[in-house]
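Laboratory data are not the source of any read-out in this text; all were calculated from the coordinates shown. Source: prediction; values computed, not measured. As a convention, Cβ positions derive from the backbone with ideal geometry for all residues, glycine included, and neighbour counts pool all protein chains shown.
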Amino acid sequence: MTASHHHHDSSDQQEFEEEAPPVASRRRVVGAVGLAAVGAAALSACGSGSGGGSNAADAPAAPATPTDVAATEDIPVGTGVKVDKDGVQAVVGQPSKGTFTAFSPVCPHQGCQVNPSGDTYVCPCHSSVFDMSSGDVTAGPATTGLTSYPVSVRNGRVVVG
């Protein structure tokens, strides 16, 4: 009994399925890759099929829901900051005390993202300059200003949307 019991153990160890985990994980990987490829194909098909997909990138939209992006003290008077929070991308400034503005960070010229510079926003691609108060273009090749976003201050927090 002991011998057969011991034999049983050793045969268990031998059949310890040494090949099963690699095979299983290999199968799993192939499955995941297959799914990813299908998903990517489906996504790109949707994107190219509908004209709406490309327009969304060209015309940025204000956040669908109001989003707290910064504390008022994070944005001193006469300066702006770039925020990217919960999917909301914007440039937010305080051109004069207690007045906050928010704009799309996307330069209307060729879609680069502008950077805060003093009381203006400057596009690094072609040096378009935008007024922090109005979003209007003040210099450079851009012919239209930045897209304005609604902004409010609640309890010392700057809320965009």
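Give me the extension gain from Cys112 to Lys97: residue separation times 0.36 nm, minus the current Cα-Cα distance, reported in nm with one decimal. Each step should come with its number before you reach the end.
On the way: separation 15, 0.36 × 15 = 5.40 nm, distance 2.88 nm.
Length gained between Cys112 and Lys97: 2.5 nm.
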Give me Asp131, Asp119 ranked fewest to most by other Cβ atoms within 10 Å of their Cβ, as a rough exposure proxy.
Asp119, Asp131
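Counting Lys +1, Arg +1, Asp -1, Glu -1, what net charge surrounds Ser148 among other residues with beta carbon under 12 Å of its beta carbon?
Values: positive: none; negative: Asp131, Asp136.
Surrounding charge for Ser148 is -2.
Based only on other Cβ atoms within 10 Å, what is the fewest-to-most ordering of Val91, Val122, Val159? Each step should come with its number before you reach the end.
Working: Val91 25, Val122 17, Val159 20.
Going from sparsest to densest Cβ surroundings: Val122, Val159, Val91.
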Length added when fully stretched, Ala64-Ser134, from 0.36 nm per residue minus Cα-Cα
23.0 nm
Give the residues of the range 125-150 whose amide nitrogen is closer than 17 Å to a point set 7 Å from the Cα of Asp84 in the direction of its Cβ.
125
